[in-house]
Amino acid sequence: MKGVVILLTMSLCLTLSGTQAVGEQKVGSTFPYYQPDTCSVVRDLAVLKEKLEAVETRLQASERQVEELKSVNKAQEEELKTLKDLAAAGQLKVAFSAALRTSGSGDIGPFNTDTTLQYKRVFSNFGSGYNPATGVFTAMVKGVYFFRYTMFYSGNANAVVSLRKNGQLIVSTWDTGSGEAQDFASNAAIVELEVGDNVYAQLSANRQVFEDAGNYNTFSGFLLFTL
Ligand SMILES: [Ca+2]
């Protein structure tokens, strides 16, 4: 497009130059009248036109983005209003429970860093606050919630799991004494959550748990009441 404009500009310049020459001959003045650099002006105008078109294109793209964001924002506001209405009516249902494995058996861990446990065998997930793909529960309404997890390891004790809110430890369980096997531990907490707060169970680095179809390792939670 830019090339076409420049070509047109050049053609126009050549045409104008020719006209100028003829004009000068026709006038036949002894004083060379001032002739602005028409070609230069036309080229500058063409460049300006190109720039303006580019700005217009970007502006239109920005306007489309703004409209899209407005649409997303409106949808989120409506969703939030629905949740608030449900909460006000005491009809908001938030409850989930899940175990580590959907099939098979064996150790989970050890990993060389702290790792969020992904409880993939979902027994219930009312309100869809729990994400089995990440192991993380996210609060959609401000309120007071109850959480509980269980921890099991079948080999020589090497299990450390903690319940965390936004990365901060709430409660934890340890079983690292050697020479023991098949120990079981659990912990729970009632915590206040803001919208967007997340809660999950974390396996400490270099520790491990064992799971099979017995579903020994579970993560559960529910909304007690909204605030
Ligand atoms: Ca023990």
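Here are the numbers:
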{"quantity": "Meets criteria (within 16 Å of the ligand (Cβ to nearest atom), in a strand (DSSP E or B) and surrounded by fewer than 19 Cβ atoms within 10 Å (Cβ to Cβ)) for ALA181", "calculated": "no"}
{"quantity": "Residue check for SER186: at negative phi, in a strand (DSSP E or B), within 15 Å of the ligand (Cβ to nearest atom) and of a type in the set (Ser, Thr, Tyr)", "calculated": "yes"}
{"quantity": "Criterion: in a strand (DSSP E or B) and away from the ligand (no atom under 12 Å from the Cβ) - qualifying residue of VAL161, VAL141, VAL195", "calculated": "VAL161"}
{"quantity": "Residue among SER172, SER220 that is at pLDDT 95 or above and more than 25 Å from the chain's Cα centre (by Cα)", "calculated": "SER172"}
{"quantity": "Yes/no for THR150 being within 16 Å of the ligand (Cβ to nearest atom), within 16 Å of ILE108 (Cα to Cα) and buried (at least 16 other Cβ atoms within 10 Å of the Cβ)", "calculated": "yes"}
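The values are calculated or read from the model by the stated rules, or taken from the named source; none is laboratory data. What you see is a predicted model; the values in this text were computed from it and never measured. Methodologically, a virtual Cβ is constructed for each residue, glycine included, from the backbone with ideal geometry; neighbour enumeration extends over all protein chains shown.
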